[in-house]
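Peer 1: Here it is, the structure, as structure tokens.
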């Protein structure tokens, strides 16, 4: 397979980037990812079965806020979908008050950023984005609670993991791939 | 806003820690300390890895790490270990404790590590008799490399790169089953990865050098495996920096001088004869074939873990007789005795 060279220019020049690993774009890996994905899927009915206070529109508000934070902080593209996966999985097992939902969202971004980024987000920065309605100590406590509820199983498979696999299967020119990927 | 009470919910508290008696320190690193511990109820022996983590530190302390929370190394190691749970050649976690500022992982105790391959003798093949006269049997070299490849094939299939594969991080159980450990540097493959990984003598050539972005893939783990096989054959760290003439030759220079192909941009002016650097590897046709496929300078030519496992000849060589096993265990115990006597 031809090695592909993509996305080597960083926004933050201090960070050195690695290239995409074309060894990982085989059918063998795709099947393993598909198998593994099941383990990380949230329950689809948690608004009905688990949560009392939280409604779908609240999740949407928090998700929009999280996406804004991730974009403004120029987080890696994996951080947001990963954080949403943590939030949904947490909400699938733990009844949560609606005034804790933003705290939960912040803690999920905090963890996803640690897993994926060379220089992770700090607790202070996240607290500022909540308009200081959340204190760093609360964030750290919520972090532990999320880790515990998700049983430390954070290496989730997200839809983003499949994009490169699908793109490599499509009959498109290699130089067009980065553009197509952006719009996927 | 009310703080969610998490104390009662966190995995285990200090009280359960008290069921374990802390023994001697068996490992130390930047991540924290590994103790040998004994369960007071069952008498079973475990290893306890204590991550230093400023969990719930006072809010008003001005320290920079005050609001890091759980260290990213801990998050990565534990999430990788959770993702790989159940594989016979990856270390398992029995339990998790929050002990004050530490996060402690309880793991099975593995009495040996692969550092036994640095015994100073290596493996000598006596061709006159058509039979190997050796200190470490060839079957052990094939055995550990196949089991490490097994773990790597599983990890790479899950998009996870180990990034610090060294003999110290390859643990061996009583019956010499390989358990790959220390995932502190492991991470899911991603677009942006730091190139400053892997202990130097086991670091692949594409990780060395200037500040330019590094083209690196899961093949870096395969390089480390290749170096470990070469180490085992020679009985020493083959790519350790060494004194030569008036100066020191670095790991990277040794690699370039011995393995860089002539038509490569980085080709050296004077190259070294690979027969001098790893004579025992070159003497054995089978090992030579395997090692040279792993230690390729260009990472896209390197053998991948699942490809190594398809090599029938190598997999068949991995069968260890009882005699072979006893020979290796004897070697390990001798080495541990020597190290213990050095300490006193």
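Nothing in this text is a laboratory measurement; each read-out follows from the coordinates by a stated rule. Small disclaimer: the values here were computed from a predicted structure and weren't measured. Counting neighbours? That spans all protein chains shown, and the Cβs are built from the backbone with ideal geometry, glycine included.
Peer 1: Using Cα pairs closer than 8 Å and at least 6 residues apart in sequence, work out the relative contact order for chain A, in percent.
Peer 2: Across chain A, relative contact order equals 23 percent.
Peer 1: Mind checking A:126-137 for the average number of partner chain beta-carbons within 10 Å of each residue's beta-carbon?
Peer 2: Mean number of neighbouring Cβ atoms from other chains: 2.
Peer 1: Measuring from centroid to centroid over Cα atoms, what is the spacing of the range A:66-114 and the range B:329-344 in Å?
Peer 2: Centre-to-centre distance over Cα atoms comes out at 50 Å.
Peer 1: Further question: With springs only between Cα atoms under 10 Å apart, run a GNM on chain A and tell me which of A:98, A:74, A:151 wobbles the most.
Peer 2: A:151
Peer 1: Helix A:79-93 against the longest principal axis of chain A: what's the angle in degrees, Cα atoms only, rounded to the nearest 10?
Peer 2: 40 degrees
Peer 1: Also, I was wondering about something else. Can you compute log10 of I(q)/I(0) for chain A with the Debye formula, treating each Cα as one identical point scatterer, at q = 0.10 Å⁻¹?
Peer 2: For chain A, the Cα-only Debye profile gives -0.45.
Peer 1: After finding the eigenvalues of the alpha carbon gyration tensor for the range A:88-128, what semi-axes result from the square roots of 5 times each, listed largest first in whole Å?
Peer 2: Result for the range A:88-128: semi-axes of 21, 13, 4 Å.
Peer 1: By what distance, in whole Å, do the Cα atoms of the range A:120-168 stretch along each of the three principal axes, largest value first?
Peer 2: Reported extents, whole Å, longest axis first: 44, 25, 15.
Peer 1: If you don't mind, there's one more thing I want to ask. Sort out for me the Cα centre separation of the range B:294-317 from the range A:140-184, rounded to whole Å.
Peer 2: 29 Å
Peer 1: What FRET efficiency would be calculated for the residue pair residue A:162, residue A:133, taking the C-beta separation as r and a Förster radius of 45 Å, to the nearest 0.05?
Peer 2: Between residue A:162 and residue A:133 the formula returns 0.80.
Peer 1: Simple spin-label model, 7 Å along Cα-to-Cβ: residue A:125 to residue A:57 in nm?
Peer 2: Taking the two extended label points, one gets 3.3 nm.
Peer 1: Counting only other chains, and only Cβ atoms inside 10 Å, what mean value do you get across the residues of A:115-122?
Peer 2: Numbers: counts 8, 7, 3, 6, 3, 5, 0, 6.
Other-chain Cβ atoms within 10 Å of each residue's Cβ, averaged: 5.
Peer 1: Nearest 500 deg cm²/dmol is fine: what mean residue ellipticity at 222 nm does chain A get from its DSSP H runs of n ≥ 4 alone, each adding -39,500 (n - 2.57), divided by its residue count?
Peer 2: That comes out to -16500 deg cm²/dmol.
Peer 1: Expressed as an acute angle from 0 to 90° and rounded to the nearest 10, what is the orientation of the C-alpha long axis of helix A:160-169 relative to the principal long axis of chain A?
Peer 2: It is inclined by approximately 20 degrees.
Peer 1: Would you please give the FRET efficiency between residue B:315 and residue A:34, computed as 1/(1 + (r/R0)^6) with r the Cβ-Cβ distance and R0 = 30 Å, to the nearest 0.05?
Peer 2: 0.65
Peer 1: Moving on. Calculated FRET efficiency, residue B:289 and residue B:200, Cβ-Cβ r, R0 25 Å, to nearest 0.05?
Peer 2: 0.40
Peer 1: Can I ask one more? In nanometres, what is the gap between the two model label sites at residue A:183 and residue B:271, each 7 Å from Cα along Cα-to-Cβ?
Peer 2: 4.7 nm
Peer 1: With no solvent and one point on each alpha carbon, what is the Debye value of log10 I(q)/I(0) for the range B:112-342 at q = 0.08, 0.12, 0.15 Å⁻¹?
Peer 2: So the normalised log intensities work out to -0.29, -0.66, -1.04.
Peer 1: A further question on this structure: From Cα pairs below 8 angstrom and at least 6 apart in sequence, can you work out the relative contact order of the range B:112-342, rounded to a whole percent?
Peer 2: 28 percent
Peer 1: Expressed as a rounded percentage, what relative contact order does the range B:254-323 have, with Cα pairs under 8 Å and six or more residues apart?
Peer 2: Working: 41 pairs, mean separation 14.1, N = 70.
That works out to 20 percent.
Peer 1: Within 10 Å of each Cβ in peptide A:149-161, how many partner chain Cβ atoms are there on average? Round it to a whole number, please.
Peer 2: 5
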